Amino acid sequence: MHNNQTFEQLNRKYGDEINSIGKSLEKLSVLYSKCPVPESVRKRFTDASLKVKSAWYSCLVNSNIDVLLLPEYLESRHNRNILIKKETDQYFKSIEYFSTLMGKPNTIVYETILVTGDMTQNAGMDLFSGHARETVTCPADIQKLFGSWNISLKDFQDPAFTIFAFFDWHAANRFSFTGKRQSLLWLNYQLWKLYGPVSYSLNLEHYFFHHWQKANSDAQNSIGNLLEFLRSETERIHHALNELYKEHIEFNNLKPYQKLVSGYLFSNGFNAGIPAHFQQQHPVMKILLKKGYVELNDFGQKPDMEKLRQLFEELFSSRMTLMVQENDERYICLNPSYREQADRLSKYRNTRETAPKFEWEEFIGQSITKPIIPKPSRAVPEIEAEPVRRRQKAFFG
């Protein structure tokens, strides 16, 4: 257990880094929610992370599970080990029900955060899903711990509060995770409340298994190393989301300026700065805000050219979009320098700057033949037939 003075010292040393990591996670949350990929792709992204987390969670809370069994679980849909199946199933079900815990005090969260399919031993059955919420009594020492946070951590905001509280809880558990399922689920729940589903990509369970299972009461080193890990995780997740977006828009097949503007869109959290009333005027705007550019064939079979001309002429005159020509093809794209130009023009209102020509007729009059780019096919390895072995006849005599 750590007193208020210790938390204040930790905050003086790591407060800025904690706030910086929190802002990085907030940006990742926005990227995850706004990344224009199908919901099925987003779900596969989080499901893959959760499966890895569940594997290491099972090893953390159940010392009877051998780490050597994890590869089989991670590489297949099913696992023959009963212990791994029980722990991972409970992990997934508990996370699925996080939304039902909103607004409840920590004591109630502790008592109801575990969800299981074993209805014979638990109460709180969900009649629609067939799952049951495991109800336990929060131990007196844990209730006392929760109460102490109202004093020792009352001056701290998230994510500092969550990090310090979790370490305090871990210290109360004598730096052991064996059987301490509620503490790990509580941490995941708190991060989910703060940052949404992108927090499922933080592989904290793997880190804790390798670094936080020692009886080490050195809060400064433990939290300092955890922050280094979280920083590296935010960078990894940012890269993974970028790759997810690039794959969806077939980034490698784009023209140079199209690559630039799609990168600009991703780096700004898909906030192009275009007012909402523009975004709602035509379906083609969804394509512009998804990829960062629109081509003539994005307008469909029978587009309302006059309405589109008025829309893009206004965007063009406001310098929100540009007309770009590459390889004899014209396309309309977002202006990556729009914010800087708008700021500069607002400061120097008397400056005369000639706007570039809006070549609408040239754009709609172009004839484009798109090259067919075959998708790479997976090479099927040739299977060499094994030589036929003749069975020797038995020799008698």
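Against the numbered list (1) surrounded by fewer than 17 Cβ atoms within 10 Å (Cβ to Cβ); (2) over 20 Å from THR107 (Cα atoms); (3) hydrophobic (A, V, I, L, M, F, W, C), ILE237 comes up short only at (1). Only one of (1) surrounded by fewer than 18 Cβ atoms within 10 Å (Cβ to Cβ); (2) under 14 Å from the mean Cα position of the chain (by Cα); (3) not assigned by TED's automatic domain parsing to the domain that holds PRO336 fails for GLY224. Which number is that? Going through the list (1) surrounded by fewer than 18 Cβ atoms within 10 Å (Cβ to Cβ); (2) under 14 Å from the mean Cα position of the chain (by Cα); (3) not assigned by TED's automatic domain parsing to the domain that holds PRO336, GLY224 breaks only (2). Has the stretch 271-291 got any residue that is farther than 30 Å from TYR195 by Cα and touching a strand residue (DSSP E or B) at 6+ places or on another chain (Cβ under 8 Å)? Yes, some residue in the stretch 271-291 is farther than 30 Å from TYR195 by Cα and touching a strand residue (DSSP E or B) at 6+ places or on another chain (Cβ under 8 Å).
Please list, ordered by first then second residue, the pairs with beta carbon atoms under 8 Å, 6 or more apart or interchain, first in the stretch 247-268 and surrounded by fewer than 15 Cβ atoms within 10 Å (Cβ to Cβ), second modelled with pLDDT of 95 or more. Every condition considered, the pairs that remain are ASN252/LYS246. Of the helices (runs of 4 or more DSSP H) lying entirely inside the stretch 245-310, those containing at least 2 residues that are within 16 Å of VAL324 (Cβ to Cβ) are 256-267, 284-291. When LEU241, LEU288 are checked against the criterion of being within 26 Å of the chain's Cα centre (by Cα) and modelled with pLDDT of 95 or more, LEU241 stands alone in meeting it.
Among residues that are closer than 20 Å to CYS138 by Cβ and part of a helix (DSSP H, G or I), ILE108 is included.
With the condition kept exactly as written, say whether any residue in the stretch 24-31 is closer than 30 Å to GLY147 by Cα, surrounded by 20 or more Cβ atoms within 10 Å (Cβ to Cβ) and of a type in the set (A, V, I, L, M, F, W, C). Checked the stretch 24-31: at least one residue is closer than 30 Å to GLY147 by Cα, surrounded by 20 or more Cβ atoms within 10 Å (Cβ to Cβ) and of a type in the set (A, V, I, L, M, F, W, C). With the structure loaded, tell me whether ARG319 is assigned by TED's automatic domain parsing to the domain that holds PHE266 and at pLDDT 85 or above or whether it fails that test. Criteria met by ARG319.
The values are calculated or read from the model by the stated rules, or taken from the named source; none is laboratory data. What you are looking at is a predicted structure, and each value in this text was computed from that prediction instead of being measured. Here Cβ is always computed from backbone atoms with ideal geometry, including for glycine, and neighbour counts include all displayed protein chains.
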